[in-house]
Amino acid sequence: MTVNLAQAVREVLPSARADLERLVRIPSVSADPDAAPQLWASAFEVAGLLRGAGLPEVDVVTAGDSRPAVLGSRLGPPGAPHVLLYAHHDVQPPGEVADWDSDPFEPAERDGRLYGRGTADDKAGVAVHLAALRAHLGASTEGLPVGVTVLVEGEEEIGSPAVRDFLAAYADRLRADVVVFADAGNWSLDVPALTTTLRGGTGLVVEVRTLDHGLHSGMFGGPVPDALTALCRLLATLHDENGDVAVAGLVRGTSDSPEVAEEQFRAEAGLLDGVRLTGTGRLADRLSAGPAVTVIGIDAPPVATASNTLVPVARAKVSLRVAPGDDAAAARDALAAHLRAHAPWGARVTVQAGRAAAPFTARTGGRAYRCARSALEAAWGTPAVLAGAGGSIPFVTAYAGLFPDAEILITGVEDPATRAHGSNESLHLATFERACLAEALLLRNLARHDD
Ligand SMILES: [Zn+2]
């Protein structure tokens with residue numbers, strides 16, 4: 001019997017879209033302690049959806065003090081591979097609601113895109129798994145050809161702080177031959193991608209002190225350095241004149257990704273006319289194979305209430321994206337050493353180190369990769385690009401460390417215009433359909449014995 005999976009996916013697509021919208025309406029912001037009830041509501045909603053999609057065993061689970069995750073599973077036919085399908089149900093905060101063209105937590109369709117926080121990152125990942133399961137378990141198809149465990153994490157957007165506890169607590173249920181992390185992007189609206197490398201992530205808070213109390217800037221200004229100016233000079237040493245990271249000891253590699261078209265990239269980034277891109281070398285390498293240092297926050301007097309005072313202390317939070325092949329903790333220590341060594345005017349610099357999430361490099365030569373590439377090519381009508389991504393998925397790295405034999409596939413529901421984490425995040429609906437079909441085909445390919 002020939003099963004038309006494309007038809008089965010088309011039939012289940014409206015239900016997957018409706019479920020996605022239901023999930024988007026729950027503001028499951030993991031960074032907001034006040035949103036804990038919404039995190040639980042979101043987890044229970046996901047659990048109900050997985051049960052409804054045909055998984056007999058579904059639980060809302062935690063490990064240590066983790067936010068709630070959902071684990072569901074269904075055995076496959078004897079001898080079939082077991083596949084772990086990953087997504088996360090927590091989202092980034094919406095930021096300034098005024099920056100959105102529609103309510104971030106009320107999904108709205110405009111021009112073929114569905115807008116709202118989490119429509120893509122990563123509630124669409126949940127919806128893709130639901131669609132793939134339903135397509136195989138529906139009346140017109142032959143049943144699920146592989147064993148499946150679905151893991152929907154609840155704290156990816158805060159860096160998965162409990163990932164090690166979680167993996168330790170549920171290792172038996174999470175063991176799989178193949179893992180599909182549906183939490184990344186595609187190359188373009190026309191070309192799918194498999195993400196083969198991830199940068200690691202770390203950071204620190206640097207504090208600069210020059211005085212034991214604030215001073216009148218007229219009576220003391222000139223010879224007495226203030227901490228905020230000293231901090232600015234210190235932060236300015238993090239990049240050279242070209243905008244390349246100037247911290248010694250960080251790995252800077254090259255990527256197999258095709259080169260990124262600069263004009264299109266500028267447009268997607270929303271870079272203002274006349275503002276130059278930073279750094280040297282191939283854009284694709286800068287985006288995924290090199291380090292990135294960014295000042296993401298400063299504690300200093302706000303402009304509105306600033307007085308003419310020499311500020312005694314100022315702090316900044318510095319984020320570091322770590323290149324594949326580097327050691328995240330060593331990279332963070334190199335950043336800390338750089339800051340200590342470059343204190344201007346003898347200012348006192350102290351550093352509070354943040355957590356370090358390792359970068360990731362996939363093994364791409366195995367059977368699951370062949371199955372995924374043929375599924376993506378069939379769903380999109382064009383071959384997939386293997387590409388590095390600049391972000392981090394801590395769960396991927398931790399999982400790969402615990403289960404080194406599992407083949408890890410990082411697939412995408414996003415496209416370059418998605419604006420994950422930004423205002424007006426959106427899902428391209430045609431891409432969503434292709435992602436659903438590709439995953440359904442992947443599960444079928446994995447079960448076949450002839451490739
Ligand atoms: Zn995500």
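Read-outs: derived from the displayed coordinates by stated rules, not from any lab. These figures come from a predicted structure and were not determined experimentally. Cβ atoms come from the backbone with ideal geometry, glycine included; neighbour counts cover every protein chain shown.
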Distribution of pairwise C-alpha distances over the chain, 20 Å bins, in %
24, 54, 19, 3, 0
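Could you tell me the convex hull volume per residue, in Å³, taken over the Cα atoms of segment 301-407?
So the per-residue hull volume is 177 Å³.
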Taking segment 70-204, how much of its Cα-Cα pair set, in percent, is spaced more than 27 angstrom apart?
32 percent
Find the Rg to Rh ratio for segment 382-451, where Rh is the Kirkwood radius over alpha-carbon pairs and Rg uses the same atoms.
1.01
May I ask for the angle, rounded to the nearest 10°, between helix 367-380 and the longest principal axis of the chain, with both axes built from Cα atoms and the value confined to 0 to 90°?
90 degrees
As a footprinting exposure proxy, order Y170, Y86, Y369, Y399 by other Cβ within 10 Å, with the fewest listed first.
Y170, Y369, Y399, Y86
By the mean-Cβ-within-10 Å protection proxy, highest first, 18-28, 382-392 rank as 18-28, 382-392
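Please state, as a whole number in µm²/s, the translational diffusion coefficient that the Stokes-Einstein equation yields for segment 219-272 at 4 °C and 1.567 mPa s, with Rh defined as the Kirkwood radius across alpha carbon pairs.
In µm²/s, the coefficient rounds to 85.
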Label-reachable residues, segment 55-90, where backbone N falls under 17 Å from a point 7 Å from A171's Cα toward its Cβ
63-64
For segment 309-350, just the Cα set please: Rg and Dmax, both in angstrom.
13.2, 45
Exposure-ranked with fewest Cβ neighbours within 10 Å first, D273, D285 stand as D273, D285
Kirkwood calc, segment 8-133, C-alpha pairs only, radius in angstrom 15.4 Å
Estimated translational D of segment 116-173 in µm²/s (Stokes, Kirkwood radius over Cα pairs; 4 °C; 1.567 mPa s):
95 µm²/s
C-alpha long axis of helix 163-174 to longest principal axis of the chain, angle in °:
10 degrees
Residues with amide H under 5 Å of R363's amide H, sequence separation 5 or more or different chain, H placed in the peptide plane at 1.01 Å from N; which?
I408
Computed over the chain: longest principal axis from alpha-carbon atoms vs helix 36-52 long axis, angle to nearest 10 degrees, is 20 degrees
What helix-only [θ] at 222 nm does the chain give? Using -39500 (n - 2.57) per DSSP H run of at least 4, over all residues, to the nearest 500, the answer is -10500 deg cm²/dmol
At the level of C-alpha centres, the distance separating segment 52-99 and segment 211-243, in angstrom, is 48 Å
For W40, W345, ascending order of other Cβ atoms within 10 Å (fewest first) is W345, W40
In segment 209-228, which residues have a backbone nitrogen under 14 Å from the label point lying 7 Å from S307's Cα in the Cα-to-Cβ direction?
213-219
Phi angles of segment 302-312, converted by Karplus (6.51 cos²θ - 1.76 cosθ + 1.60, θ = phi - 60°) into ³J(HN,Hα) in whole Hz with x for Gly and Pro, give x, 3, 4, 10, 5, 10, 7, 10, 6, 6, x
The relative contact order of the chain, taking Cα pairs under 8 Å that sit 6 or more residues apart, comes to a percentage of 24 percent
Name the residues of segment 201-240 whose amide N is less than 13 Å from a point 7 angstrom out from the Cα of A246 along the C-beta direction?
232-240
